[in-house]
Amino acid sequence: MTDGKPGDGKAPEERDEIREEEGEVLRCRSCGAEIAAVEDICSIAGAPSLQHFANPEGALWEVLTVRHARGLVADVQAYSSFTWFAGYSWRMVACAACMEHLGWMYEAMGSQTPPRFFGLVRGKLSGG
Ligand SMILES: [Zn+2]
């Protein structure tokens, strides 16, 4: 038995690239395109901004909600079934630069506020 702390050799510190000129941004993990500002992360209907949802196929998604996003293309088809946010329809959105699926755009079907927001898959973004 020893009381010594494990690990004599210190691992070199890994440095993340952080650009702070315009505030922190969330980027597409696949290609690095800017997708959203950290300051646009928001809460919808009082829920935490990071939530876990399962789709009807049973896949689990870690979803970050943001007020604004850029560099995305939305599918033309909007769906109102299986929505994770009551009163909102959804479309799939992909990175405009690399076409990786990054999440969903939600649009109010009634007078909900905000009228539009995005749910982004946390694991497909870097930064923040
Ligand atoms: Zn991309």
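None of the figures in this text is laboratory data; all of them are computed from the coordinates on show. Keep in mind that this is a model prediction, so the values were computed, not measured. Glycine also receives a Cβ, built like all others from the backbone with ideal geometry; neighbour counts cover every protein chain displayed.
For the range 113-128 and the range 43-97, write down the distance between their C-alpha centroids in whole Å.
7 Å
Using all alpha carbons of the range 12-127, what is the percent of pairwise distances in each 5 Å bin, ordered from the shortest bin to the longest?
All Cα pairs, binned at 5 Å, distribute as 2, 11, 22, 24, 20, 12, 5, 3, 1, 0, 0 percent.
Quick check: pseudo-label points 7 Å beyond the Cα along Cα→Cβ at Met109 and Thr83, how many nm apart are they?
0.5 nm
Please list the non-local residues whose amide H lies under 5 Å from the amide H of Leu26, H modeled 1.01 Å from N, same-chain partners needing a gap of 5 or more.
Hits under the 5 Å cutoff: Ile35, Ala36, Ala37, Val38.
Mind listing the phi-derived Karplus ³J(HN,Hα) values for the range 109-115, rounded to whole Hz, using 6.51, -1.76 and 1.60 with θ = phi - 60°, and x for any glycine or proline?
Listing the rounded values in order: 8, x, 9, 4, 10, x, x Hz.
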